[in-house]
Structure formats: C-alpha cells, structure tokens
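**Student:** Just dropping this structure here.
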Amino acid sequence: MLLVFFLKGVAIGLIIAVPVGPVGVMCVRRTIFQGRLAGFVSGLGAATADAVFGIIAGFGLTVVADWLFGYESWLRAAGGCYLVYVGGSALASEPPAKRPSQPDPETLFRDYASTFGLTLINPVTIVAFLGIFAAVGLSGEEATLGRAAILVLGVWIGSLLWWSGLSFGIGLFGGSFGRRHLAWINRGSGGILLATGAVLLATFVAGHMH
C-alpha cells in the first residue's frame with residue numbers, strides 16, 4: 001500500500017513540475033550557458049519547493065499555508081523584481097563564448113536558492129496539492145502521517161526526475177548550438193523572464209492601488 005502511495009506521489013510530482021514557467025526557462029537557460037550541473041541544481045531547488053508545498057498540504061500545516069497566502073503579493077513582487085533583473089541582465093549582455101568547466105559552489109547555491117524561492121512565490125500550488133492528495137486517497141482514515149510522508153517523498157522524486165531529465169536532456173545538445181543560436185536563446189529567455197517579472201510587478205501594483 002505504501003508503494004502505491006509512493007508511485008502516486010511520483011506521478012503527482014511529474015504533473016506539478018511539467019508546466020513550463022519562468023523556473024523552467026531559467027533551468028533551460030542555465031543548462032545551456034552554465035552546464036548540466038547548474039541546470040540540475042536549479043531543478044533541485046524547484047523540486048524541493050514542490051516538496052515543501054506537498055508537506056504543507058499532506059501534513060495539514062495550515063499556519064504555514066496561511067502565512068504564505070498572507071504574504072503572497074509581496075512574495076510575487078520580490079520574485080518579479082528578481083526576474084526583471086535576470087531578464088534585463090540577459091538582454092543587456094552577450095552570451096558567453098564558452099561554458100565554464102565547473103560552476104563554483106557559491107554559484108550553484110545561488111542557482112538552487114533562486115529557483116527554490118521563485119517556486120515558493122506561488123502558494124496556490126498548496127490548494128492544488130490538497131485537491132490532488134484527496135483525489136488519490138489521502139483523506140479520512142487513509143490520511144496517516146506515514147502515508148503522507150511517503151506521498152510527499154514521491155512528489156519530490158517525481159519533480160526531481162522531471163528537472164533532471166530536462167537539464168541532462170538539453171545538456172546533450174548544448175554543445176551543438178552555434179554563436180548565433182546562443183544569441184537568440186539568450187535574448188528569447190531573457191525576454192520571457194523580463195516580461196514575466198514585469199507582469200508580476202504590474203499585478204502587485206494594481207492590487208495595492210485599491
């Protein structure tokens with residue numbers, strides 16, 4: 001029975017992680033320009049944040065959920081500022097001529113922390129987890145701490161599988177991109193991140209004008 005909950009968790013983690021958003025764009029961008037390790041670590045940050053949402057939903061941590069929802073607009077504003085900075089910096093710079101041989105630990109930590117934080121700015125994911133967990137049977141007498149823990153572990157593994165596959169899959173083709181392709185990827189990804197950040201900031205401003 002626990003194995004079933006684990007496999008359900010893996011499937012949930014994959015479903016939650018697959019939609020492409022700014023975090024996905026950032027992981028792809030880092031994989032291409034910094035290497036597969038940078039992309040993987042960035043994905044690990046996103047997977048960890050998904051697991052945090054799963055823990056909040058699975059263990060009924062309403063205090064934490066209420067805190068996140070209470071500061072949701074400010075979290076989105078912070079995420080918007082970061083995306084505008086990253087996107088603007090990308091558009092204002094040329095892509096590196098070659099990827100670094102090995103990212104340093106400080107850079108990898110920043111990669112992890114940034115995607116972890118960006119994933120957390122969307123606490124509505126907790127509501128999605130609550131609905132999905134109830135749908136797969138984690139409710140009533142079935143909602144034991146052990147089953148919740150196994151389900152959340154599966155979520156983390158499933159999310160990590162997606163980000164690992166994405167970063168290593170794209171990394172296989174990273175060396176085949178020419179200078180012109182890299183320039184377009186740099187502009188395209190930077191433009192997406194900048195636009196996403198601008199929308200988040202605009203939403204924040206509009207929400208505080210009432």
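What follows is calculated from the coordinates using simple rules that are stated; it is not laboratory data. In this text the structure is predicted, and so the values were computed from the model without any measurement. Here the Cβ is made from the backbone with ideal geometry for all residues, glycine too, and neighbour counts use every protein chain on show.
**Student:** Under the definition of Cα pairs under 8 Å and six or more residues apart, what whole-number percent is the relative contact order of the chain?
**Tutor:** That works out to 47 percent.
**Student:** Run the dipole for the chain about the Cα centre, Lys and Arg Cβ at +1, Asp and Glu Cβ at -1, nothing else charged, and hand back the magnitude in debye, nearest 20.
**Tutor:** In debye, rounded to 20, the chain gives about 800.
**Student:** Roughly how large, in nm² to one decimal, is the mean projection of the convex hull of the alpha-carbon atoms in the chain?
**Tutor:** 12.7
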